[in-house]
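**Q** Once you've had a glance at the structure underneath, I'll fire off some questions.
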């Protein structure tokens, strides 16, 4: 699992409340990603980071913000959760292996916004 | 627009049978193509990765093929086992390999 831990694993929250999901990695990887996975869709990139304090938007970044103050932690924040943000969220890291960029995923966080 | 399509959406087979999953992509520039297995409630795990110059790659009972001319890939599973029940996701990397385009996955159910 490339030392990736997501927390919490499950969360139910109310519409309009802020929510922060945490991704922690233990192997000093430079690149970290946040994806959401919804039925009928492939994983879609929300935000990614290429170093401490270096982040950029992905395909579906509206309503989400991220922060990376330390190499090992990448936080995803929903400033005001909406029902459309009910999803399974995956954190990933990438590393070079055998000349290829390989991606490793965390176990996921199931978020339900009611 | 970069896209990855997979078929079928879902598949049910009996234990011991073979099956083939399909992936078509329109990602450019192409860097590599991977197949991931995702068990229910878990994150995807890489099965194979192929670059432009590779047209087949095996990992145990899993064999992936790539036709870069037609932009198609397949994943063949031989002698299926109950533990093969999972979603299989085709992922194409764009450009220098840090941008991943995910297919929607094929849900495989292997029945006893």
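The values are calculated or read from the model by the stated rules, or taken from the named source; none is laboratory data. Keep in mind that this is a model prediction, so the values were computed, not measured. Glycine gets a Cβ as well: all are built from the backbone with ideal geometry, and neighbour counts include every protein chain shown.
**Q** Anything in the stretch A:6-31 that is at pLDDT below 95 and assigned to a strand (DSSP E or B)? List them, or say none.
**A** Taking the stretch A:6-31 as the starting set, the residues that turn out to be at pLDDT below 95 are A:26-31.
Hit for the stretch A:6-31 is A:31, nothing else.
**Q** Moving on. Just name the residue that is surrounded by the fewest Cβ atoms within 10 Å (Cβ to Cβ) out of those in the stretch A:32-47 that are facing another protein chain (nearest Cβ under 8 Å) and without any contact (Cβ under 8 Å) to a residue 24 or more places away in the chain.
**A** Looking at the filtered set, the residue picked out is A:40.
**Q** Would you mind telling me which numbered condition in (1) assigned to a strand (DSSP E or B); (2) at pLDDT below 95 residue A:47 fails?
**A** Just one mismatch for residue A:47, condition (2).
**Q** Restricting to the stretch A:73-84, give me the number of residues that are under 13 Å from the mean Cα position of the chain (by Cα) and either within 14 Å of chain B (Cβ to nearest Cβ) or not in a strand (DSSP E or B) (or both).
**A** At the first step, the residues of the stretch A:73-84 found to be under 13 Å from the mean Cα position of the chain (by Cα) are A:73-78.
Then drop every residue that is not either within 14 Å of chain B (Cβ to nearest Cβ) or not in a strand (DSSP E or B) (or both), which leaves none.
Result for the stretch A:73-84: 0.
**Q** Further question on the same structure: State all residues of the stretch B:63-112 that are without any contact (Cβ under 8 Å) to a residue 40 or more places away in the chain, exposed (fewer than 13 other Cβ atoms within 10 Å of the Cβ) and in a strand (DSSP E or B); if no residue qualifies, say none.
**A** Of everything in the stretch B:63-112, just one residue is without any contact (Cβ under 8 Å) to a residue 40 or more places away in the chain, exposed (fewer than 13 other Cβ atoms within 10 Å of the Cβ) and in a strand (DSSP E or B), namely B:67.
**Q** Scanning the stretch A:86-106 for residues that are surrounded by fewer than 21 Cβ atoms within 10 Å (Cβ to Cβ) and at pLDDT 95 or above, which turns out farthest from the other protein chains (Cβ to nearest Cβ)?
**A** Ranking the candidates gives A:86 first.
**Q** In addition: Just checking, how many residues over the stretch B:18-62 are without any contact (Cβ under 8 Å) to a residue 24 or more places away in the chain and either part of a strand (DSSP E or B) or within 14 Å of chain A (Cβ to nearest Cβ) (or both)?
**A** Filtering the stretch B:18-62 down to residues without any contact (Cβ under 8 Å) to a residue 24 or more places away in the chain leaves B:41-43, B:45-46, B:49-61.
Adding the requirement that they be either part of a strand (DSSP E or B) or within 14 Å of chain A (Cβ to nearest Cβ) (or both) leaves B:41-43, B:45-46, B:49-54, B:56-59.
Number of matching residues: 15.
**Q** To continue, here is another question. Looking at residue A:63, is it surrounded by 13 or more Cβ atoms within 10 Å (Cβ to Cβ) and modelled with pLDDT under 95? Even if it seems obvious, please write down each step before you answer.
**A** Numbers: surrounded by 13 or more Cβ atoms within 10 Å (Cβ to Cβ): yes; modelled with pLDDT under 95: no.
So residue A:63 does not fit the description; no.
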